[in-house]
Amino acid sequence: MPQVVSIGNMLVEIMRVHLDEPLDQPGSFVGPFPSGDTPIYIDTVARLGRPAGFIGVVGNDAFGRLLLGRLQADGVDCSSVRVMPDNTTGVAFVAYSGDGSRTFIFHWRHAAAGQLAPSDVQPAYLAQTRWLHLTGCNLAVSDSAREACYRAMRSVPASAQVSFDPNIRPGALSLQEIRDLCRPAIARANAILPSLSEAAMLTDSASDEEGCRLWAEQGKVVVLKMGAKGCRIFARGSDVVIPSFPVEEVDPTGAGDSFCAGFTVALLDGMALPAAGRFANAAGALAVTKKGPMEGAPWRQEVEALLRAGAVE
């Protein structure tokens, strides 16, 4: 049985070839690439050497076969992935701007990914889980997907660690609705991994630092992801900044998910928090070096090589 499990949005990504090609104009695309925040996370966990499993839904189509083929080839157990005959696999269309911003159009809520349901979560599958990873966007996509995530959270052993990456995509949701749907996951989470602005938003604090400290005082490990600046780890009585690794960025999508996977594996390996942050930074850095959201998901030997090179420098 898998030690690490995640759940949620199984998508393929189709992206603009060139910068500053808006999605409301004809243009060129490349893809499809396997994608989805939690699939990227679990694929990275498997590549880093931990037994990994996934709960999700794909369509009975070429995109679904692409996703399943990639996850299975990298060692992810997909026995809890449901294949739907009547809904197509989810798709994200992405355009990149010269200023580093991205624009997304998601076919998700009404695709197979949005049909994730509590019945897809079998407690027996989670009986030996040591770590469960959840994200905020999977709580927001549909009522049934949210309840499936909550069921997974309730079904893991009490001893299991739960990590939560807010990864908020507000859409039509109000700030209060976002806080309400994230609250149960935050309450159960042992580790929270927000990106910039999310800790302040979810805690109604004046700053991310204040929000992260609030969670840390509740006994949680909080890792503020700061992109090229690395990460900042808050725990009760400690606060440390871990610098990033300089790499040439090709595609930033998925870097945060690979970072979360690196942090998970590092803690399961018994690393202290600063070392875990450095390992996660290396995983996140490598993830941006290839085009495609899951293509840069690093193998264990690649992370260790970057860590050695950084130590020499």
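The values are calculated or read from the model by the stated rules, or taken from the named source; none is laboratory data. All values reported here derive from a predicted model rather than from experimental measurement. Glycine also receives a Cβ, built like all others from the backbone with ideal geometry; neighbour counts cover every protein chain displayed.
Just need a number here: residues in the stretch 284-302 that are assigned to a helix (DSSP H, G or I) and either touching a residue at least 12 places away in the same chain (Cβ under 8 Å) or among the basic types (Lys, Arg) (or both). Let's see the steps before the verdict.
We begin by selecting, within the stretch 284-302, every residue assigned to a helix (DSSP H, G or I); these are 284-287, 300-302.
Retained after the next criterion (residues that are either touching a residue at least 12 places away in the same chain (Cβ under 8 Å) or among the basic types (Lys, Arg) (or both)): 284-287, 300, 302.
Qualifying residue count, the stretch 284-302: 6.
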Item to complete: Could you pull out every one of the strands (runs of 3 or more DSSP E) wholly within the stretch 5-95 that has 2 or more residues that are in contact with a Leu (Cβ under 7 Å, 6 or more places away or on another chain) and modelled with pLDDT of 95 or more?
Response: 29-35, 52-59, 76-84
Fill in: Check on Ser159, hydroxyl-bearing (Ser, Thr, Tyr), in contact with a Leu (Cβ under 6 Å, 6 or more places away or on another chain) and over 18 Å from Asn9 (Cα atoms)
no
Response to the item:
Condition set buried (at least 24 other Cβ atoms within 10 Å of the Cβ) and of a type in the set (Gly, Ala, Ser), scope the stretch 34-63, selection farthest from Ala140 (Cα to Cα): answer is Ala46
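Mind listing just one residue for me: the one in the stretch 176-205 that is outside any helix (DSSP H, G or I) and not hydrophobic (A, V, I, L, M, F, W, C) and, of those, surrounded by the most Cβ atoms within 10 Å (Cβ to Cβ)?
Here is the first cut: in the stretch 176-205, the ones outside any helix (DSSP H, G or I) are 189-197, 204-205.
Remaining after also requiring not hydrophobic (A, V, I, L, M, F, W, C): 190, 194-195, 197, 204-205.
On the way: Asn190: 15, Pro194: 26, Ser195: 17, Ser197: 13, Asp204: 12, Ser205: 16.
Checked the stretch 176-205; the qualifying residue surrounded by the most Cβ atoms within 10 Å (Cβ to Cβ) is Pro194.
Within the stretch 264-283, how many residues are charged (D, E, K, R) and either touching a residue at least 40 places away in the same chain (Cβ under 8 Å) or surrounded by fewer than 21 Cβ atoms within 10 Å (Cβ to Cβ) (or both)?
Residues flagged as charged (D, E, K, R) and either touching a residue at least 40 places away in the same chain (Cβ under 8 Å) or surrounded by fewer than 21 Cβ atoms within 10 Å (Cβ to Cβ) (or both) within the stretch 264-283 amount to 1.
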Worksheet, complete the sentence: Checked against (1) out of contact with any Lys or Arg (no Cβ under 6 Å at 6 or more places or on another chain); (2) farther than 30 Å from Val94 by Cα, Val241 satisfies every condition except (1)
Discussion item. With the structure loaded, tell me whether Gly227 is farther than 25 Å from Ile42 by Cα and modelled with pLDDT under 95 or whether it fails that test.
Written reply: no
